[in-house]
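Encoded as C-alpha coordinates, here's the structure I'll be asking about.
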Amino acid sequence: MDRKQFLSRSLKATVGTLVAGPLLANTSGCNSPESPEQGIPASDGTPGSSTVQVVLSQIALPYAYNALEPAIDAETMEIHYSKHHAGYVKKGNAAIEEGNVKAANEMDLMATIGQYGAGVRNNVGGTWNHNMFWEVMAPASGTLPIGKVLDAINGSFGSLDEFKTAFADAGMKRFGSGWAWLVERNGKLEIGSTPNQDNPLMDVSEFKGKPLLCLDVWEHAYYLHYQNKRNDYVANWWSIVNWDAVAKRWG
Ligand code: MN3
(Lines give C-alpha, C1' and ligand atoms only; values in the text may rest on other atoms or scores of the structure.)
Protein backbone atom coordinates (compact mmCIF):
# COMPACT_ATOMS: atom_id res chain seq x y z
CA MET A 1 0.00 0.00 0.00
CA ASP A 2 1.59 3.26 -1.01
CA ARG A 3 1.21 6.50 0.88
CA LYS A 4 -1.64 7.70 -1.27
CA GLN A 5 -3.63 4.52 -0.75
CA PHE A 6 -2.89 4.60 2.94
CA LEU A 7 -4.03 8.18 3.16
CA SER A 8 -7.14 7.47 1.19
CA ARG A 9 -8.04 4.46 3.33
CA SER A 10 -7.35 6.14 6.62
CA LEU A 11 -9.37 9.14 5.53
CA LYS A 12 -12.29 6.98 4.47
CA ALA A 13 -12.15 5.30 7.84
CA THR A 14 -11.89 8.63 9.58
CA VAL A 15 -14.46 10.57 7.67
CA GLY A 16 -16.92 7.70 7.76
CA THR A 17 -20.33 8.84 6.77
CA LEU A 18 -19.51 12.51 6.49
CA VAL A 19 -20.69 13.99 3.27
CA ALA A 20 -18.02 14.16 0.60
CA GLY A 21 -18.03 17.46 -1.22
CA PRO A 22 -15.96 19.15 -3.87
CA LEU A 23 -12.55 19.63 -2.34
CA LEU A 24 -11.07 23.06 -1.99
CA ALA A 25 -13.80 24.48 -4.16
CA ASN A 26 -14.26 28.20 -3.71
CA THR A 27 -13.39 28.93 -0.13
CA SER A 28 -13.96 25.33 1.00
CA GLY A 29 -15.79 24.25 4.06
CA CYS A 30 -19.43 23.71 3.54
CA ASN A 31 -21.05 22.86 0.29
CA SER A 32 -24.53 23.50 -0.83
CA PRO A 33 -25.97 20.35 -2.36
CA GLU A 34 -26.85 20.89 -5.98
CA SER A 35 -28.24 17.57 -7.09
CA PRO A 36 -30.79 17.95 -9.88
CA GLU A 37 -33.37 15.71 -8.22
CA GLN A 38 -33.62 18.24 -5.43
CA GLY A 39 -34.37 20.88 -7.99
CA ILE A 40 -32.03 23.38 -6.46
CA PRO A 41 -31.20 26.19 -8.83
CA ALA A 42 -27.67 27.46 -8.99
CA SER A 43 -27.23 30.41 -6.70
CA ASP A 44 -25.31 33.52 -7.52
CA GLY A 45 -24.74 34.12 -3.84
CA THR A 46 -26.92 37.19 -3.73
CA PRO A 47 -28.55 37.47 -0.32
CA GLY A 48 -32.21 36.72 -0.64
CA SER A 49 -31.75 34.41 -3.58
CA SER A 50 -32.81 30.79 -3.28
CA THR A 51 -31.64 29.05 -0.15
CA VAL A 52 -30.84 25.47 0.71
CA GLN A 53 -29.92 23.54 3.80
CA VAL A 54 -26.14 23.72 3.70
CA VAL A 55 -24.27 20.45 4.24
CA LEU A 56 -20.88 20.75 5.90
CA SER A 57 -18.05 18.51 4.81
CA GLN A 58 -14.49 17.82 5.87
CA ILE A 59 -11.87 18.02 3.15
CA ALA A 60 -9.56 15.05 2.70
CA LEU A 61 -6.29 15.87 4.41
CA PRO A 62 -3.90 16.72 1.54
CA TYR A 63 -0.99 14.89 3.26
CA ALA A 64 -0.29 12.17 5.83
CA TYR A 65 -0.65 12.83 9.56
CA ASN A 66 3.13 12.75 10.02
CA ALA A 67 3.89 14.89 6.96
CA LEU A 68 4.14 18.16 8.88
CA GLU A 69 6.72 16.91 11.37
CA PRO A 70 8.67 18.25 13.12
CA ALA A 71 6.59 21.45 13.13
CA ILE A 72 3.39 19.55 13.98
CA ASP A 73 3.61 15.96 15.24
CA ALA A 74 1.57 13.08 13.81
CA GLU A 75 -0.43 12.41 16.97
CA THR A 76 -1.55 16.02 17.23
CA MET A 77 -2.54 16.01 13.55
CA GLU A 78 -4.49 12.79 13.85
CA ILE A 79 -6.46 13.90 16.91
CA HIS A 80 -6.95 17.37 15.50
CA TYR A 81 -8.27 16.13 12.15
CA SER A 82 -10.13 12.95 13.09
CA LYS A 83 -11.57 14.05 16.44
CA HIS A 84 -11.74 17.83 16.73
CA HIS A 85 -12.40 18.76 13.11
CA ALA A 86 -14.62 15.75 12.40
CA GLY A 87 -16.55 16.66 15.54
CA TYR A 88 -17.25 20.19 14.32
CA VAL A 89 -18.57 18.80 11.03
CA LYS A 90 -20.84 16.28 12.71
CA LYS A 91 -22.16 18.71 15.31
CA GLY A 92 -22.48 21.46 12.72
CA ASN A 93 -24.65 19.35 10.44
CA ALA A 94 -26.77 18.32 13.40
CA ALA A 95 -27.20 21.97 14.44
CA ILE A 96 -28.07 23.00 10.88
CA GLU A 97 -30.60 20.21 10.65
CA GLU A 98 -32.10 20.99 14.02
CA GLY A 99 -32.32 24.71 13.35
CA ASN A 100 -33.47 24.23 9.75
CA VAL A 101 -30.69 26.65 8.81
CA LYS A 102 -30.81 27.75 5.19
CA ALA A 103 -28.48 29.90 3.14
CA ALA A 104 -27.75 30.55 -0.51
CA ASN A 105 -24.27 29.12 -0.10
CA GLU A 106 -21.45 28.86 2.42
CA MET A 107 -20.45 32.53 2.10
CA ASP A 108 -24.04 33.61 2.70
CA LEU A 109 -24.26 31.35 5.76
CA MET A 110 -21.08 32.87 7.19
CA ALA A 111 -22.36 36.38 6.45
CA THR A 112 -25.62 35.69 8.31
CA ILE A 113 -24.30 33.45 11.09
CA GLY A 114 -25.20 35.98 13.79
CA GLN A 115 -28.87 35.08 13.54
CA TYR A 116 -28.23 31.51 14.69
CA GLY A 117 -27.26 30.00 18.02
CA ALA A 118 -23.83 29.09 19.34
CA GLY A 119 -24.09 25.52 18.04
CA VAL A 120 -24.33 26.68 14.44
CA ARG A 121 -21.80 29.51 14.79
CA ASN A 122 -19.11 27.46 16.54
CA ASN A 123 -19.40 24.32 14.46
CA VAL A 124 -19.84 25.96 11.05
CA GLY A 125 -16.80 28.10 11.89
CA GLY A 126 -14.91 25.09 13.23
CA THR A 127 -15.58 23.18 10.02
CA TRP A 128 -14.67 26.02 7.69
CA ASN A 129 -11.58 27.23 9.58
CA HIS A 130 -9.96 23.81 9.75
CA ASN A 131 -10.63 23.04 6.08
CA MET A 132 -8.73 26.22 5.29
CA PHE A 133 -6.00 25.51 7.86
CA TRP A 134 -5.14 22.09 6.33
CA GLU A 135 -5.02 23.67 2.93
CA VAL A 136 -2.61 26.51 3.78
CA MET A 137 -0.02 24.07 5.12
CA ALA A 138 2.22 21.67 3.23
CA PRO A 139 5.02 19.28 4.20
CA ALA A 140 8.30 21.21 4.55
CA SER A 141 6.88 23.43 1.88
CA GLY A 142 10.01 25.53 1.59
CA THR A 143 7.90 27.95 -0.38
CA LEU A 144 8.10 31.67 0.19
CA PRO A 145 5.70 34.38 -0.82
CA ILE A 146 6.44 35.68 -4.31
CA GLY A 147 4.93 38.09 -6.80
CA LYS A 148 1.80 39.95 -5.82
CA VAL A 149 1.66 38.41 -2.31
CA LEU A 150 5.25 39.33 -1.51
CA ASP A 151 4.79 42.85 -2.91
CA ALA A 152 1.67 43.30 -0.79
CA ILE A 153 3.40 41.96 2.34
CA ASN A 154 6.32 44.33 1.81
CA GLY A 155 3.94 47.18 1.08
CA SER A 156 1.68 46.57 4.08
CA PHE A 157 4.15 45.42 6.73
CA GLY A 158 7.60 46.57 5.55
CA SER A 159 9.17 43.13 5.06
CA LEU A 160 8.45 39.42 5.33
CA ASP A 161 10.12 39.33 8.76
CA GLU A 162 8.04 42.22 10.04
CA PHE A 163 4.93 40.53 8.70
CA LYS A 164 5.82 37.29 10.51
CA THR A 165 6.39 39.17 13.76
CA ALA A 166 3.04 40.96 13.50
CA PHE A 167 1.20 37.75 12.58
CA ALA A 168 2.83 35.78 15.41
CA ASP A 169 1.89 38.62 17.73
CA ALA A 170 -1.75 38.33 16.71
CA GLY A 171 -1.58 34.61 17.52
CA MET A 172 0.21 35.15 20.82
CA LYS A 173 -2.08 37.91 22.00
CA ARG A 174 -5.28 36.03 21.28
CA PHE A 175 -6.36 35.21 24.83
CA GLY A 176 -7.68 31.70 25.24
CA SER A 177 -8.75 29.92 22.06
CA GLY A 178 -8.92 31.34 18.58
CA TRP A 179 -7.25 32.01 15.27
CA ALA A 180 -4.75 34.41 13.71
CA TRP A 181 -5.54 35.64 10.21
CA LEU A 182 -4.06 37.38 7.21
CA VAL A 183 -6.85 38.87 5.14
CA GLU A 184 -7.26 41.02 2.09
CA ARG A 185 -9.63 43.93 2.49
CA ASN A 186 -10.18 46.64 -0.10
CA GLY A 187 -6.98 45.61 -1.85
CA LYS A 188 -4.89 45.79 1.33
CA LEU A 189 -3.50 43.07 3.57
CA GLU A 190 -4.41 43.09 7.25
CA ILE A 191 -3.52 40.93 10.24
CA GLY A 192 -5.94 40.14 13.03
CA SER A 193 -7.39 37.41 15.20
CA THR A 194 -10.77 35.98 16.12
CA PRO A 195 -11.97 34.21 19.27
CA ASN A 196 -13.18 30.61 19.43
CA GLN A 197 -14.19 29.40 15.94
CA ASP A 198 -15.22 32.78 14.54
CA ASN A 199 -13.64 33.91 11.27
CA PRO A 200 -13.32 37.12 9.23
CA LEU A 201 -16.19 36.08 6.93
CA MET A 202 -18.72 36.17 9.75
CA ASP A 203 -21.08 39.08 10.28
CA VAL A 204 -20.42 38.80 14.01
CA SER A 205 -16.65 39.19 13.65
CA GLU A 206 -14.99 42.47 14.58
CA PHE A 207 -12.16 41.59 12.21
CA LYS A 208 -13.32 41.13 8.63
CA GLY A 209 -11.83 40.42 5.21
CA LYS A 210 -11.05 37.73 2.67
CA PRO A 211 -9.00 35.05 4.49
CA LEU A 212 -5.64 34.29 2.87
CA LEU A 213 -3.79 32.57 5.73
CA CYS A 214 -4.88 31.25 9.10
CA LEU A 215 -3.27 29.77 12.17
CA ASP A 216 -5.08 27.72 14.78
CA VAL A 217 -3.91 28.83 18.24
CA TRP A 218 -6.27 26.63 20.25
CA GLU A 219 -4.28 24.55 22.73
CA HIS A 220 -5.48 21.37 20.98
CA ALA A 221 -3.41 22.47 17.96
CA TYR A 222 -0.07 22.28 19.77
CA TYR A 223 -0.27 21.29 23.45
CA LEU A 224 0.74 17.62 23.12
CA HIS A 225 4.11 18.57 21.70
CA TYR A 226 4.69 22.16 22.79
CA GLN A 227 2.74 22.29 26.08
CA ASN A 228 2.47 25.94 27.08
CA LYS A 229 5.03 27.15 24.55
CA ARG A 230 2.68 28.60 21.97
CA ASN A 231 5.48 30.86 20.72
CA ASP A 232 7.62 27.84 19.72
CA TYR A 233 4.66 26.34 17.86
CA VAL A 234 4.11 29.58 15.96
CA ALA A 235 7.82 29.98 15.20
CA ASN A 236 8.10 26.44 13.78
CA TRP A 237 4.83 26.72 11.89
CA TRP A 238 6.35 29.07 9.29
CA SER A 239 8.30 26.13 7.82
CA ILE A 240 5.07 24.46 6.72
CA VAL A 241 3.13 27.43 5.38
CA ASN A 242 1.97 26.75 1.84
CA TRP A 243 2.45 30.12 0.18
CA ASP A 244 1.22 28.78 -3.15
CA ALA A 245 -2.14 28.14 -1.49
CA VAL A 246 -2.13 31.66 -0.05
CA ALA A 247 -1.55 33.12 -3.53
CA LYS A 248 -4.31 30.95 -4.97
CA ARG A 249 -6.76 32.16 -2.33
CA TRP A 250 -6.10 35.75 -3.25
CA GLY A 251 -6.71 34.90 -6.90
MN1 MN3 B 1 -8.31 23.32 15.86
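The values are calculated or read from the model by the stated rules, or taken from the named source; none is laboratory data. Just so we're clear, the structure is a prediction, and the values are computed from it rather than from any experiment. Here Cβ is always computed from backbone atoms with ideal geometry, including for glycine, and neighbour counts include all displayed protein chains. When the accessible area is computed, the model is the full protein with side chains, heavy atoms only, and any ligands, DNA or RNA have been set aside. Shrake-Rupley method; radii C 1.70, N 1.55, O 1.52, S 1.80 Å.
Quick check: from the Cα gyration tensor, does region 145-214 come out rounded (a/c under 1.5), prolate or oblate?
Oblate is the answer for region 145-214, as a/c is 1.5 or above yet b/c matches or exceeds a/b.
Moving on. First check a/c for region 102-251, with a ≥ b ≥ c the square roots of the eigenvalues of its C-alpha gyration tensor; if it is under 1.5, answer rounded, and if not, answer prolate when a/b is larger than b/c or oblate otherwise.
Working: a/c = 1.74, a/b = 1.23, b/c = 1.42.
Oblate, since a/c reaches 1.5 and b/c is not below a/b.
Continuing with the same structure: Which value in nm describes the separation of the simple spin-label points at residue 156 and residue 220, placed 7 Å from the Cα toward the beta carbon?
So the two model labels end up 2.8 nm from each other.
List the lysines whose Cα sits under 18 Å from the Cα of residue 90, skipping any in the same chain fewer than 8 residues away.
12, 102
Okay, moving on. Counting only other residues whose beta carbon sits under 12 Å from that of residue 247, what net charge do I get with K and R as +1, D and E as -1?
Working: positive: 148, 248, 249; negative: 151, 184, 244.
Once positives and negatives cancel, what remains is 0.
Moving on. A 19 angstrom limit on the alpha carbon distance is what I want to check against. Which of 188/208; 148/210; 148/208; 210/248; 83/164 exceed it?
Exceeds cut-off: 148/208; 83/164.
Just want to confirm a number: the relative contact order over region 147-250, from Cα pairs under 8 angstrom separated by 6+ residues, in percent.
23
Take the Cα radius of gyration of region 68-134 and divide it by 2.2 N^0.38 Å, with N its residue count; two decimals is plenty. Present the calculation step by step, with values, prior to reporting the outcome.
Values: Rg = 13.6 Å, N = 67, 2.2 N^0.38 = 10.9 Å.
Ratio of Rg to 2.2 N^0.38 Å for region 68-134: 1.25.
Heavy atoms only, probe 1.4 Å: what % of the accessible area of region 147-250 goes to carbon and sulfur, would you let me know?
47
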